[in-house]
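The next block holds one structure in the form of structure tokens; read it before the comments.
The values are calculated or read from the model by the stated rules, or taken from the named source; none is laboratory data. Since this is a predicted model, take the numbers as computed values, not measurements. Reconstructed Cβ throughout: ideal geometry from the backbone, glycine too, with neighbour counts over all protein chains shown. For accessibility, only protein heavy atoms count, side chains too; no ligands or nucleic acids. Shrake-Rupley method; radii C 1.70, N 1.55, O 1.52, S 1.80 Å.
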Amino acid sequence: MEKENEVYETLLQLFSEYVNESGELTEYIDSLTFIKSVVKVEKEFGIEFDDDMLHLENFQDMKMLAGYIQQKMDAKSA
């Protein structure tokens, strides 16, 4: 859980201009900004998103996204 919190905090920093203090997207993100954000997250955490996760709706809640990223990181290190 501690690692997931670290992932969450990093996501809040990466998306700071787009999320509120609850970790929810509040600002509009266009498709180019979304793709740039995906690439930034993949590089930051050393993961690759599954195709079915590449929808803006999956980035609405940073806590859910942090859980997904932590799962990907755990699977990679297993």
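I'd like the orientation of helix 2-14 relative to the chain: the angle between its Cα long axis and the longest Cα principal axis, in ° from 0 to 90, rounded to 10. Helix 2-14 sits at roughly 30 degrees to that axis. Shown for the chain: lysine pairs separated by 8 or more places, or found on different chains, whose C-alpha atoms are under 16 Å apart, numbering 7.
Pairs of C-alpha atoms in the chain farther apart than 15 Å represent 52 percent of all such pairs.
With a cut-off of 12 Å between beta carbons, the residues surrounding residue 22 carry a summed charge of -2, where Lys and Arg count +1 and Asp and Glu -1. For the chain, the solvent-accessible area of protein heavy atoms averages 67 Å² per residue (probe radius 1.4 Å; ligands and nucleic acids excluded). For the stretch 11-78, the list of GluC sites (Glu not before Pro) that fall in a loop by DSSP and count at most 11 other C-beta atoms within 10 angstrom reads 17, 21, 27, 48. By accessible area, using a 1.4 Å probe on protein heavy atoms only, the stretch 29-78 has 52% of its surface on carbon and sulfur.
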